Amino acid sequence: MLFRLPPIKMTPLLIKDYYSFHIMKTVAISCLILLCVPAVCQENALPNIIIILADDLGYADLDGYGASNGSPNLLSLQKQGMRFTSFYAQPQCSPSRAALMTGCYPQRVGIPWVVGPEGPDWTKDKSFVGLNPDEKTLPEMLKEKGYVTSAIGKWHLGHHKNHLPIHHGFDQYLGLPYSNDMWPPNGPYPPLPLVEGDSVIETNPDQSQLIKRYTSRATSFIKANKNKPFFLYFAHAMPHVPIFASDDFKNKSGKGLFSDVIREIDWSAGEIMKELKSTGVEGNTILIFTSDNGPWLVYGDHAGSAGKLREGKATTFEGGVRVPFIVRWPEKIKAGSVCNTPAALFDLLPTFAAITGATLPSNQIDGKSILPLFLGKVSPPRDVHYYFQINELQAVRKGKWKLHLPHGYEHVVEKGKGGERGKVESKQIELSLFNLDVDEEERNNVANENPGVVQELKELADIFSKNLVAHARKPGISN
């Protein structure tokens, strides 16, 4: 038999006291909630940010962008988020990374060329160039808002200690300080170093295990920091040649080693997605997948594809600089959406400033926030986009119009096989205007039919070149 309390006779005075007590209790609990909730909301309001950057992945190398290499996880990411069709990197590795980290055209921050173990290889300068410590980087900006930061993979913005990620805003780093082909016998290079923090922990690591090692470190970082805002920059060494796949993926695609590598990169992205879901932070995480430039076509079957876009890496044609860009942010971005508005890597820094309330660098930057594009707007953040190869301004785009200024470039005439380099020839393009809305292949020169457009774009190029020269900054130097 259940024990029951005797009934309470509720006199008017007792009723008044009873309700007063419960009102006071409710008010007290509400006050405690109000005191606690703001701190929780403030912490959770800052989204986690993950950027996965592939190396030399072409515009048409992923499912959903025209390929059938087998990238189901990245195809799923597109369906869950937004796919960009006119997203721009720089023509080469280091310049793209400089743009991402600083929000600037790389020419503005003194990194217009590829940085290697011996500095720019086309000069006799023996000083070692890297990102200037005076530049306020993306991770430094986010750390001011309380973010925990990690860099994993290829850095390529200087390999001396003062140039490495942990001296530019990252709390931790594991990876290669430059490209995975910068090792003997490819040139007068030292053994390829694998760096943790700012110390070499291994030389000539087994590159077939890099994706797995990096992915394990990335998922561990997410798990360890699930209760605080974090920024993870995960930069793969591949599919930049030489390409390697682990035993779980090698010879499994049935389409050759390049497709094996794409499948392993896709698996890695899937592991990141699983970890975000299992730790409960998927909804408040901005997850981005993109590439640093177009495919290195001269390597043939060990390189990717730009599809119908013209040329590839190291050129300013669309195939060299237009790359896949996928972004998922479940709480803000409409699933399955497509953005055709042009944007670029250097737009990400000001975008994250707008999202987090972080303070932009005091130095001049070139990027603009593309948060409105994430939210479904169509107005371009910038009216004009400029295409540089090293320090030469070679093309300019405004809306649908792209004007190539006269310049030389290398065209592949024979593709390599099995990791061997093919052959190129030097070619020249004269002043040429293309309507990218109907001619993404940049084949039909309509300059003669549109002299007013040509003149406008030439003037814009001249104005920007002068501005860049007047406001360019120097890289960091280590002797």
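Annotations for the structure displayed:
- Against the conditions (1) at negative phi; (2) surrounded by fewer than 18 Cβ atoms within 10 Å (Cβ to Cβ); (3) more than 21 Å from the chain's Cα centre (by Cα), G419 satisfies every one except (1).
- Counting the residues of region 196-216 that are closer than 21 Å to M101 by Cα, of a type outside the set (D, E) and either open to solvent by 10 Å² or more (accessible area, probe 1.4 Å) or at pLDDT below 95 (or both) gives 1.
- Number of positions in region 429-458 that are free of Cβ contacts under 8 Å to residues at least 40 places away in the same chain, under 31 Å from the mean Cα position of the chain (by Cα) and not in a loop (DSSP other than H, G, I, E, B): 5
- Helices (runs of 4 or more DSSP H) fully within region 302-408 that include at least 2 residues being open to solvent by 30 Å² or more (accessible area, probe 1.4 Å): 348-356, 371-374.
- Every residue from region 459-472 that is at pLDDT 95 or above and open to solvent by less than 90 Å² (accessible area, probe 1.4 Å): L460, A461, D462, F464
- The set of residues in region 134-154 that are out of contact with any Phe, Trp or Tyr (no Cβ under 8 Å at 6 or more places or on another chain) and either assigned to a helix (DSSP H, G or I) or under 15 Å from S96 (Cβ atoms) (or both) comprises T137, E140, K143.
- Any hit, region 282-295, residues being in contact with a helix residue (DSSP H, G or I) (Cβ under 8 Å, 6 or more places away or on another chain) and open to solvent by 10 Å² or more (accessible area, probe 1.4 Å): yes
- Boolean, D248 is free of Cβ contacts under 8 Å to residues at least 40 places away in the same chain, touching a Phe, Trp or Tyr at 6+ places or on another chain (Cβ under 6 Å) and farther than 19 Å from N225 by Cβ: no
- Residue list for region 464-479, restricted to those being outside any helix (DSSP H, G or I) and either of a type in the set (F, W, Y) or within 26 Å of the chain's Cα centre (by Cα) (or both): A472, R473, K474, P475, G476, I477
- Residue check for D260: open to solvent by 10 Å² or more (accessible area, probe 1.4 Å) and of a type outside the set (F, W, Y): no
- Comparison of V115, V40, V129 shows that the only residue that is within 26 Å of K277 (Cβ to Cβ) and at pLDDT below 95 is V40.
The values are calculated or read from the model by the stated rules, or taken from the named source; none is laboratory data. All figures in this text were calculated on a predicted structure; none of them were measured in a lab. Counting neighbours? That spans all protein chains shown, and the Cβs are built from the backbone with ideal geometry, glycine included. Side chains are part of the model used for accessible areas, which takes the heavy atoms of the whole protein and leaves out ligands, DNA and RNA. Shrake-Rupley method; radii C 1.70, N 1.55, O 1.52, S 1.80 Å.
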